[in-house]
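As structure tokens, the structure follows; a few thoughts come after it.
The values are calculated or read from the model by the stated rules, or taken from the named source; none is laboratory data. As the structure is a computational prediction, the values presented were derived from the model and not from experiment. Using ideal geometry, Cβ is built from the backbone for each residue, glycine included, and neighbour counts are taken over all protein chains shown.
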Amino acid sequence: MDSYLQGKLLIAMPSLSEPVFSASVIVLCAHSAEGAMGVIVNKPLAGMSFLDLADQIDLSKLPQERAEKLSQVPVYMGGPVEQQRGFVLHSPDYTGEHTLQINSQVSVTSTLDILQHLADGKGPKRFLLALGYSGWSPGQLENEILHNGWLHCDFGKELVFSNDFAAKHTRAMETLGIDPSKLSAAAGHA
């Protein structure tokens with residue numbers, strides 16, 4: 001691999017059968033010689049909304065109208081590592097003290113401040129909230145890509161921030177001109 005993939009999307013190939021990663025789409029937040037870290041953006045946690053999370057972490061009391069809106073915002077399973085820790089992928093119109101700009105279209109913040117700002121209606125225009133992250137040790141992701149575990153494509157904010165989580169994997173494949181129904185779980189090299 002010639003370059004690192006920070007800011008790109010990872011798309012799981014059919015050969016990835018682990019339930020966590022099967023048919024997943026991941027925003028790579030960091031990728032370097034030290035390893036990689038990303039957040040799955042297409043696997044909402046059943047029965048968990050932003051409002052449920054706000055109740056659990058005791059954010060300030062929300063007005064009824066705001067609470068109703070936040071009850072419609074899903075929380076995603078970002079990956080198997082540190083599943084109690086929250087990560088907010090968001091548009092770059094918000095910057096907090098610990099915000100990491102991933103690329104020109106998306107940043108990530110993992111502090112309680114952003115959750116309070118979102119609850120108050122003062123956060124970024126577009127966001128996706130996830131618990132946990134996906135991590136790879138040095139060389140691990142490159143090896144998985146080499147062995148046909150992942151494809152990668154450019155970041156697309158309409159795809160990532162879409163509420164249609166069920167279509168994200170197919171839409172990501174389509175950005176590469178691939179019909180996922182034509183892929184096989186068996187890998188090979190020419």
*asked:* Out of the strands (runs of 3 or more DSSP E) lying entirely within region 1-72, which hold 1 or more residues that are at pLDDT below 85 and out of contact with any Asp or Glu (no Cβ under 9 Å at 6 or more places or on another chain)?
replied: none
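Yes/no per residue for (1) assigned to a helix (DSSP H, G or I); (2) farther than 25 Å from Pro14 by Cβ:
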position: Asp113; (1), (2): yes, yes
position: Gln116; (1), (2): yes, yes
position: Lys122; (1), (2): no, yes
position: Pro138; (1), (2): no, yes
position: Leu141; (1), (2): yes, no
position: Glu144; (1), (2): yes, no
position: Glu158; (1), (2): yes, no
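Quick check on region 73-95: of everything there that is small (Gly, Ala, Ser) and buried (at least 18 other Cβ atoms within 10 Å of the Cβ), which residue is modelled with the lowest pLDDT? Step through it out loud before you land on a result.
At the first step, the residues of region 73-95 found to be small (Gly, Ala, Ser) are 78-79, 86, 91.
Next, only the ones that are buried (at least 18 other Cβ atoms within 10 Å of the Cβ) stay: 78-79, 86.
On the way: Gly78: 97, Gly79: 97, Gly86: 92.
Checked region 73-95; the qualifying residue modelled with the lowest pLDDT is Gly86.
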*asked:* For region 46-65, check the following and say yes or no: at least one residue is closer than 17 Å to Ser107 by Cα, out of contact with any Ser or Thr (no Cβ under 6 Å at 6 or more places or on another chain) and buried (at least 22 other Cβ atoms within 10 Å of the Cβ).
replied: no
_Could you tell me how many of the residues in region 73-83 are under 21 Å from Gln101 (Cβ atoms) and in a loop (DSSP other than H, G, I, E, B)?_
2
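Here's the yes/no breakdown for (1) surrounded by fewer than 16 Cβ atoms within 10 Å (Cβ to Cβ); (2) among the polar types (S, T, N, Q); (3) part of a loop (DSSP other than H, G, I, E, B):
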{"site": "His98", "(1), (2), (3)": "yes, no, yes"}
{"site": "Gln101", "(1), (2), (3)": "yes, yes, no"}
{"site": "Ser107", "(1), (2), (3)": "no, yes, no"}
{"site": "Ala130", "(1), (2), (3)": "no, no, no"}
{"site": "Ala167", "(1), (2), (3)": "yes, no, no"}
*Which residue pairs have Cβ atoms closer than 7 Å, lie 6 or more positions apart in sequence or on different chains, and pair a first residue in region 67-81 that is among the β-branched types (Val, Ile, Thr) with a second residue that is surrounded by 18 or more Cβ atoms within 10 Å (Cβ to Cβ) and not in a strand (DSSP E or B)?*
Val73/Phe50; Val75/Phe50; Val75/Leu53
*Examine region 115-131 for a residue that is closer than 17 Å to Val27 by Cα and in contact with an Asp or Glu (Cβ under 9 Å, 6 or more places away or on another chain), and state whether such a residue exists.*
yes
*How many residues, within region 100-145, are under 21 Å from Gly79 (Cα atoms), of a type outside the set (Phe, Trp, Tyr) and at pLDDT 90 or above?*
27
